[in-house]
1. If you take the residues of the range 164-175 that are touching a residue at least 60 places away in the same chain (Cβ under 8 Å) and not β-branched (Val, Ile, Thr), which of them is nearest to Ile67 (Cα to Cα)?
2. Which helices (runs of 4 or more DSSP H) sit wholly inside the range 74-150 and have at least 1 residues that are farther than 22 Å from Leu37 by Cβ and out of contact with any helix residue (DSSP H, G or I) (no Cβ under 7 Å at 6 or more places or on another chain)?
3. Can you confirm whether Leu187 is under 22 Å from the mean Cα position of the chain (by Cα) and either under 28 Å from Val68 (Cα atoms) or aromatic (Phe, Trp, Tyr) (or both)?
4. For the range 34-65, how many residues meet the condition of being loosely packed, with under 12 Cβ neighbours inside 10 Å and modelled with pLDDT under 95?
5. Are any of the residues in the range 20-33 closer than 20 Å to Arg128 by Cβ, surrounded by 13 or more Cβ atoms within 10 Å (Cβ to Cβ) and among the aliphatic types (A, V, I, L, M)?
Amino acid sequence: MDWDLVLSSIWPLLDGAVRGTIPLALVSFALGLVLALLAALARLSPRWWLSGIARFYISVIRGTPLIVQLYVVFFGLPSIDVVIPPWPSAILVLSLNVGGYAAEIIRAAILSIPRGQWEAAYTIGMPRWLALRRIILPQAVRVSVPPLSNTFISLVKDTALTSLILVTEMFRRAQQIAAFSNEFLVLYIEAAVLYWVICLVLSTGQGTLERRLERHVA
């Protein structure tokens, strides 16, 4: 193994992670959570048309590969004169993807809250939206933290696919250095190790967050 190459490429890969992978994951996850909450609430809506739209969105996202979604947005839309640059395309697709998967997590978390919580809120005169905001969602957050954390960790790894639409993140940097040095195995293993380290850090943070939230559970 060429250790000089490994050492000299660490900073460019970390720079790709700091400037590309992590911001891409954070922005996409934040936007995806907003979409997920809206889709989850729509799924629970008594209005059949609203629930139907949410079901369709979730079904399409969960039923198609992420790489196909990226290609449709970045390479497909230009054929109808809709051109979206690499970064916005990546954020759009990743956010929609997170929203489709996290919507079912949030919906399940809301449904896990005992019906008596709703009834108690109605008894003291709370409207449905206020009961949801002050009583149901805070409890649902605790339930949904572990699966949502796993979704975020998966998202960090999925950002590597955006290299296919020319987004410069950590794996894209590894590809560029590998193409220049012709040491593909070394660079790809190095990138895999860095992804692994990032995911280990995130898993540790997940455990810490869960323990803190546990203090507020009766």
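The values are calculated or read from the model by the stated rules, or taken from the named source; none is laboratory data. In this text, all values refer to a predicted model and were calculated from it rather than measured experimentally. Reconstructed Cβ throughout: ideal geometry from the backbone, glycine too, with neighbour counts over all protein chains shown.
1. Ranking the qualifying residues of the range 164-175, first place goes to Leu164.
2. Result: 86-112, 115-123.
3. Against the criterion (under 22 Å from the mean Cα position of the chain (by Cα) and either under 28 Å from Val68 (Cα atoms) or aromatic (Phe, Trp, Tyr) (or both)), Leu187 does not qualify.
4. Final tally of qualifying residues: 4.
5. Within the range 20-33 (the criterion being closer than 20 Å to Arg128 by Cβ, surrounded by 13 or more Cβ atoms within 10 Å (Cβ to Cβ) and among the aliphatic types (A, V, I, L, M)), the answer is no, since none of the residues qualifies.
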